[in-house]
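Working notes for the structure below.
The values are calculated or read from the model by the stated rules, or taken from the named source; none is laboratory data. All figures in this text were calculated on a predicted structure; none of them were measured in a lab. Every residue, glycine among them, receives a Cβ derived from its backbone with ideal geometry; neighbour counts consider all protein chains shown.
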There are 2 protein chains.
Amino acid sequence: MAEMVSNKRVILKRHVQTGIPSEDDMEIVTAETTLAVPAGSSAVVVKNLYLSCDPIMRFRMTRREVPSFVPDYVPGEVMDNVGVMRVMSSGHSDFKAGDLVWGVTGWEEYTLMNNPESLFRINYPEFPLSYYTSVLGSPGLSAYAGFFDVSKPKKGENVFISAASGAVGQIVGQLAKITGCYVVGSAGSDYKVNLLKTKFGFDDAFNYKNEPDLETALRRFFSEGIDIYFENVGGAMLDAVLPNMRMGGRITACGMISQYNLERPEGVHNLLYIITKNLRMEGFLLPKYFSVYGRFEEEMAGYLREGKIVCVEDIAKGLNAAPAALIGLFTGHNIGKQLVAITHD
Amino acid sequence: MAEMVSNKRVILKRHVQTGIPSEDDMEIVTAETTLAVPAGSSAVVVKNLYLSCDPIMRFRMTRREVPSFVPDYVPGEVMDNVGVMRVMSSGHSDFKAGDLVWGVTGWEEYTLMNNPESLFRINYPEFPLSYYTSVLGSPGLSAYAGFFDVSKPKKGENVFISAASGAVGQIVGQLAKITGCYVVGSAGSDYKVNLLKTKFGFDDAFNYKNEPDLETALRRFFSEGIDIYFENVGGAMLDAVLPNMRMGGRITACGMISQYNLERPEGVHNLLYIITKNLRMEGFLLPKYFSVYGRFEEEMAGYLREGKIVCVEDIAKGLNAAPAALIGLFTGHNIGKQLVAITHD
């Protein structure tokens, strides 16, 4: 009855207070687990198929004195994050073996979930299932909610996106084009810049590493100013954007990946423009938008079907490759959405 | 017919690129002017009664390569800003001699206005006329619009105000108390702190100059975090506020007076909290709210009549004292709203 299987897992070995994490901060271990749910419980056991690598995981690797909006990872315990899973066994009336779901799961092959209510069903299994870690999952919903609900775009507005070929940026750019905006993105390699212009249909793009002066670079692309800045990097780029904003512009703060590994974040000097240009800078947290996931999933599936939105993923193979894949986010190693396909070998 | 009168004026002598301006950057000159409007024009001539000293005037003393939302002052020309005036003669059908108005006027005794349409009428002359440079004028409207329209307060929320005894801060604090908020202010002297607690009814207040660590100081007053920060100073105070904000908090950016005289504004390091605490930071410009001035004036007059709002002004006497009064804003010399009463001696 209680069949035991081998279960490879990624453990946090120690907290990482500053700097880019190394593979050595994590550890791959193999445990045994049962695929049966505890008798009488409403738990489910899932087989993890795809795991998402997200910058927020770096944030959770640091031990914080004051608890933040997401719990720190605990050394010695398996890390968790969003993934795509198949239900293996279920004690919950909403789920049965074989169901495809996505949501927060362990960085391991099999996970026992005591509270499966938070899982989302996968309603469009005709797309690659990995899309539920990217365009049809959290990054897609972040792009959709952040752009439409926070940036509040109007047709014809000028949109700038940093880390634009990343999981969220590539979707924001395509949604902005669908909305009728002029869209420019920045990225950290010429290959990615080319991807933005040819694959994702951005009007223009530049490699920020080749620009001696970001403020001047932005002026080249936005002679009339930026209406919407979709912020994924923070620091020096934000400082360069502020003087280039147009009156009444909006800065949607989705991420600040350039800052996560610094002992002290860079200082941003140009905040006075928030007053003199009448700007709004606003953050957002995804759980607020979980209630509109169904509407989003349907709309996004439509765009994918019509070819109006495409998705580029960078898929690492197997849990052994997961730590390096995660770390690669912070050196710009990934091309598009970074995720891990679990091989169950 | 064209009676000539002596007209003392304050001229900008030279642009001030960085640092606190000195009296020597301005010059008092005396010209002659006529009190008659040019024949056939729709101009008015006003006698200036009170002139407002505002931090924005510092901003306008700097020559800017890229034009900003307000024009730079021009060396050799009279400075201008908001004031209270009596119409002396009028070629405009909306105005007649004797009318009391407020709006942008010259730093001089008499001003010829070719476009008097932008002037506001003074509908409650039973209050001290100087109030139209403070609680019933721009600072009052800034407080009202910034607090209600940008901060969007709810009863019971925690409000922090910097430069709290200043022209705008003192009104925001009293509006917040009327709204049922918990209100704490910071100021730069023990005298001002006492004023906040006794005269303006703040729940608490502190002298930021006596605090070795602003972040810790704020934690003392806001153990559950700040819902609304009304920002008048910028820089280090903003950096200390960000970690003390509550989830979903709002930062209304009205001014950043600590930054105006610096060659390069201070860096703000804690902007990541805009994401992790789901904050909104937003600036506002007053002209957007001129259309609601009448409603504001009536409501504020009611609060003043009922004693629900009081106003503290710091009145310098005569144009000769005007340059020093303006400069005093940047060293915290003023107690409450700084203005100049023109003596017409």
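Look at B:Thr133 and say whether it is under 24 Å from B:Ser41 (Cα atoms) and of a type in the set (Ser, Thr, Tyr). Let's see the steps before the verdict.
On the way: under 24 Å from B:Ser41 (Cα atoms): no; of a type in the set (Ser, Thr, Tyr): yes.
No.
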Subject >> Hits in the range B:4-21 (condition: surrounded by fewer than 16 Cβ atoms within 10 Å (Cβ to Cβ) and aliphatic (A, V, I, L, M)) >> reply: B:Met4, B:Val5, B:Ile20
Original post:
Listed residues B:Lys288, B:Lys277; which is at the interface with chain A (Cβ under 10 Å from one of its Cβ atoms), over 14 Å from A:Leu271 (Cβ atoms) and under 18 Å from the mean Cα position of the chain (by Cα)?
Top reply: B:Lys288
**OP:** Take the range A:125-144 and flag every residue that is surrounded by fewer than 18 Cβ atoms within 10 Å (Cβ to Cβ) and either out of contact with any strand residue (DSSP E or B) (no Cβ under 6 Å at 6 or more places or on another chain) or of a type in the set (Asp, Glu) (or both).
**Re:** A:Glu126, A:Phe127, A:Pro128
Subject >> Filtered residues of the range B:86-114 (kept if out of contact with any Leu (no Cβ under 6 Å at 6 or more places or on another chain) and without any contact (Cβ under 8 Å) to a residue 40 or more places away in the chain) >> reply: B:Asp94, B:Lys96, B:Ala97, B:Gly98, B:Asp99, B:Leu100, B:Trp102, B:Val104
Original post:
Does the range B:160-169 contain any residue that is crowded, with 20+ Cβ neighbours inside 10 Å, part of a loop (DSSP other than H, G, I, E, B), in contact with a Lys or Arg (Cβ under 6 Å, 6 or more places away or on another chain) and small (Gly, Ala, Ser)?
Top reply: yes
Original post:
Among (1) of a type in the set (A, V, I, L, M, F, W, C); (2) touching a Gly at 6+ places or on another chain (Cβ under 7 Å); (3) not assigned by TED's automatic domain parsing to the domain that holds A:Val268, which single condition is A:Val183 missing?
Top reply: (3)
Original post:
A:Ile228 fails exactly one of the following numbered conditions: (1) facing chain B (nearest Cβ under 10 Å); (2) part of a strand (DSSP E or B). What is the number of that condition?
Top reply: (1)
**OP:** Say whether the condition of being more than 10 Å from chain B (Cβ to nearest Cβ), surrounded by fewer than 18 Cβ atoms within 10 Å (Cβ to Cβ) and either free of Cβ contacts under 8 Å to residues at least 40 places away in the same chain or basic (Lys, Arg) (or both) is met by at least one residue in the range A:244-262.
**Re:** yes
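Among the listed residues B:Gly201, B:Gly235, identify the single one that is closer than 27 Å to A:Phe59 by Cβ and surrounded by fewer than 22 Cβ atoms within 10 Å (Cβ to Cβ). Write out each step before concluding.
Details: B:Gly201 fails: closer than 27 Å to A:Phe59 by Cβ.
On inspection, the qualifying residue turns out to be B:Gly235.
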Original post:
How many residues does the range B:281-335 hold that are on the phi < 0 side of the Ramachandran plot, of a type outside the set (A, V, I, L, M), surrounded by fewer than 18 Cβ atoms within 10 Å (Cβ to Cβ) and assigned to a loop (DSSP other than H, G, I, E, B)?
Top reply: 3
